[in-house]
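Just so it is clear, none of the values below were taken in a lab; they were calculated from the coordinates. This structure is a prediction, so every number in the text was calculated from the model and none was measured. Here Cβ is always computed from backbone atoms with ideal geometry, including for glycine, and neighbour counts include all displayed protein chains.
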Amino acid sequence: MKEQRSVGRMWHLYKMGGITPAIASMMGAQNAQQMAFIRSMSKEQRKESIMDQPLSELEFVVFDLETTGFYPTNGDEILSFGAVVVKGGRVVEDQIFYSLVNPKRKVPKHITELTGITNAMAEDAPELMQVLHDFMEFVGRRMLIAHASGHDKQFLNAALWRTSKVNLTHRVLDTMFVAKWLEPNRPSYSLDDLLELAGIPITQRHHALEDSFMTAKLWMNYLQRIHSRNVITLGDLYAYLSQH
């Protein structure tokens, strides 16, 4: 009965003032504001068209996530976000993002061994809604870059849907697909192998921020090679990638 009254109150608020006050009543003002921000950004991002812009002038956010496993639909959660901003051939040094996330579950032992993130560290971290809001605010309308991005997009989409009922509308450029175009027929396109091939020092793998820095360096290496092939705009690059 109490639950029915609560739902009825939320429906009344929705009719009177829209979804934000209704959600604020149910989940608290701060979370409602964070959700409204994420939803607004998703809507605005769909309006953006950047395909004709030169790659050298675009700002990208190179990001990586560490997670408790591989399957967000099976209870796995995000453990950390890392991201850096790249413009042209350089990292924008004062635009760096890193945060742990409280996954609200135990960190598997093998994940602690891989990432160095312990249960104690995770328990002291901010909750997903807060970190997701901060990350999306950091990203703004910039395009995303990740290596083997399917894993990261899957978890980011799951987090956006669960917290804000939106899907990721930002474009995500995958450096693995760029590598397959530039370096065809390689036996492996793992980040480690491509970093070694490009002569980029491997610092600390499976740390979201360190992996973001290394992927950013890989992208900058590829950007020089992309320009040497007279591929100028993002649209040009997508046209070539679609053939491979």
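Applied to segment 132-147, the Karplus parametrisation 6.51 cos²θ - 1.76 cosθ + 1.60 on θ = phi - 60° returns per-residue 3J(HN,Hα) values of 4, 4, 5, 5, 5, 5, 5, 5, x, 9, 6, 6, 9, 10, 8, 9 Hz, with x for Gly and Pro. For a straight C-alpha distance cut-off of 15 angstrom, the aspartates and glutamates reachable from residue 217 (same-chain residues fewer than eight places away being disregarded) are 59, 64, 93, 174, 192, 193, 196.
Per residue, how big is the convex hull around the C-alpha atoms of segment 119-244? Give it to me in cubic angstrom, could you?
Details: hull volume 16.5 nm³, N = 126.
Normalising the Cα hull of segment 119-244 by residue number yields 131 Å³.
In this structure, the amide hydrogen of residue 79, modeled 1.01 Å from its nitrogen in the peptide plane, lies closer than 5 angstrom to those of 66, 67, 68, counting only residues at least 5 positions away or on a different chain. Taking 32 Å as the limit for the C-alpha separation, the pairs 87/153; 109/180; 87/180; 106/165 exceed it in the case of 109/180. Once the Cα-Cα distance is subtracted from the 0.36 nm per residue extended length, the residue 95 to residue 52 segment shows a gain of 13.0 nm. Highest-first packing order for the peptide set 53-59, 124-130 is 124-130, 53-59, based on the mean count of other beta carbon atoms within 10 Å.
Eigenvalues of the Cα gyration tensor times 5, then square-rooted: what semi-axes does that give for segment 65-184, in whole angstrom, largest first? Please list the in-between numbers first.
Values: eigenvalues 117, 57, 48 Å².
Value: 24, 17, 16 Å, ordered largest first.
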